[in-house]
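Just below is one structure, and these are the notes that go with it.
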Amino acid sequence: MATVLTGPAVGAKLLLFADGATAGALGDAGLDEAVRARAPICLASLQSERLTVETAAGPIDIFIDVQPPQPRLWMVGAVHIAVALATYARPLGFRTIVLDPRTAFATPARFAHADELITGWPADVLAAAQLDESACVVVLTHDEKIDNPALVAALHSPARYIGALGSRKTHAKRVAVLQALGVDEAKLARIHAPIGLPIGAQRPEEIALAIMAEIVAVVNGVRRRGEGETRRLLNYES
């Protein structure tokens with residue numbers, strides 16, 4: 001929602017949707033155009049901002065108020081870390097979704113506290129999910145058949161955070177496989193790996209805490225996408 005704060009049309013509003021649809025107007029075609037040009041950037045970052053537009057009548061201030069959907073945390077792998085992650089994520093406002101084709105692990109008894117439990121293959125489920133800028137995806141299984149298709153799907157989406165569990169050696173091998181699958185370096189650099197903030201985590205609960213802390217840092221704009229080992233690996237390999 002864009003609202004004019006100063007000038008002759010104070011209070012005028014223009015509502016913009018992610019699909020490009022609009023409703024309302026700001027009383028000046030130039031103001032409408034300036035907001036339309038800026039809105040995709042605000043929507044991509046999910047950040048509200050104050051915009052000043054120079055007009056013939058002088059500078060006009062507009063507030064662009066972004067109302068994002070509830071953030072969603074996709075946990076690929078119904079492992080012990082996911083149990084703790086779902087516990088941490090819900091009080092922080094995330095909708096928690098656990099995804100794993102292995103029914104022995106993905107049981108309602110283990111994930112009664114998660115919002116959704118899906119037994120299916122990530123390539124199919126994540127493609128149908130249409131991940132957007134509010135989505136965070138973590139892959140946790142150490143199984144290439146599950147993790148790599150999940151990463152490919154996430155990397156071809158605007159998901160806000162993508163993280164992968166594994167050592168530097170494991171991730172170097174993963175990067176090579178994903179490159180062979182046609183994922184380019186710009187997309188690969190978005191992966192946070194090794195996953196989580198470096199807090200010396202050992203137990204599943206500690207690893208989940210490190211992951212959740214990194215996700216919050218990314219969502220709040222403190223830590224950039226691709227800021228981590230993946231970019232170093234790509235530079236090293238090249």
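The values are calculated or read from the model by the stated rules, or taken from the named source; none is laboratory data. The model shown is predicted, which means the values in this text are computed figures rather than measured ones. Every residue, glycine as well, gets a Cβ built from its backbone with ideal geometry; the counts of neighbours run over all protein chains shown.
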Checklist entry - Taking segment 2-12, which residues are in a loop (DSSP other than H, G, I, E, B) and on the phi < 0 side of the Ramachandran plot? => result Leu5, Thr6, Pro8, Ala9, Val10, Ala12
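Being of a type outside the set (A, V, I, L, M, F, W, C) and either part of a strand (DSSP E or B) or more than 16 Å from Leu85 (Cβ to Cβ) (or both) is the filter here, so list the residues in segment 129-159 that pass it.
The first filter runs over segment 129-159 and keeps only residues of a type outside the set (A, V, I, L, M, F, W, C), leaving 130, 132-134, 141-145, 147-149, 156-158.
Correct list: Gln130, Asp132, Glu133, Ser134, Asp143, Glu144, Lys145, Asn148, Pro149, His156, Ser157, Pro158.
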Checklist outcome for this item: Filtering segment 188-221 down to residues that are of a type outside the set (A, V, I, L, M, F, W, C) and without any contact (Cβ under 8 Å) to a residue 24 or more places away in the chain yields Pro198, Gly200, Gln202, Arg203, Glu206, Asn220
Checklist entry - List pairs: first in segment 62-88 and within 30 Å of Leu26 (Cβ to Cβ) and basic (Lys, Arg), second modelled with pLDDT of 95 or more and part of a helix (DSSP H, G or I), Cβ under 7 Å, 6+ apart or cross-chain? => result none
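Would segment 105-115 turn up any residue that is of a type in the set (Gly, Ala, Ser) and buried (at least 24 other Cβ atoms within 10 Å of the Cβ)? Don't jump to the end; show me each part of the working.
So in segment 105-115, the residues of a type in the set (Gly, Ala, Ser) come out as 106, 109, 112, 114.
Next, from what is left, pick out any that are buried (at least 24 other Cβ atoms within 10 Å of the Cβ): 114.
Among the residues of segment 105-115, at least one is of a type in the set (Gly, Ala, Ser) and buried (at least 24 other Cβ atoms within 10 Å of the Cβ), which makes the answer yes.
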Checklist entry - Residue check, Asp61 against (1) at pLDDT 95 or above; (2) among the charged types (D, E, K, R); (3) assigned to a loop (DSSP other than H, G, I, E, B), all met but one. Which one? => result (3)
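Can you confirm whether segment 177-187 contains a residue that is outside the structural domain of Ile41 (by TED's automatic domain parsing) and under 20 Å from Pro71 (Cβ atoms)? Step through it out loud before you land on a result.
Let us first name the residues in segment 177-187 that are outside the structural domain of Ile41 (by TED's automatic domain parsing), namely 177-187.
If we keep only those that are under 20 Å from Pro71 (Cβ atoms) as well, we get none.
No - not one qualifying residue is present in segment 177-187.
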Checklist entry - How about segment 75-93: which of its residues are closer than 28 Å to Met1 by Cβ and either surrounded by 23 or more Cβ atoms within 10 Å (Cβ to Cβ) or of a type in the set (Ser, Thr, Tyr) (or both)? => result Ala89
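Being under 30 Å from Glu206 (Cβ atoms) and assigned to a helix (DSSP H, G or I), is that true of even one residue in segment 13-29?
Within segment 13-29, the subset under 30 Å from Glu206 (Cβ atoms) is none.
Scanning segment 13-29 turns up no residue that is under 30 Å from Glu206 (Cβ atoms) and assigned to a helix (DSSP H, G or I).
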Checklist entry - Which one is farthest from the chain's Cα centre (by Cα), of the residues in segment 132-154 that are closer than 21 Å to Ile41 by Cβ and surrounded by fewer than 21 Cβ atoms within 10 Å (Cβ to Cβ)? => result Asp132
Checklist entry - Which one of the conditions (1) surrounded by 14 or more Cβ atoms within 10 Å (Cβ to Cβ); (2) within 22 Å of the chain's Cα centre (by Cα); (3) of a type in the set (Gly, Ala, Ser); (4) over 26 Å from Val222 (Cα atoms) does Gly120 fail to meet, given that it meets all the rest? => result (1)
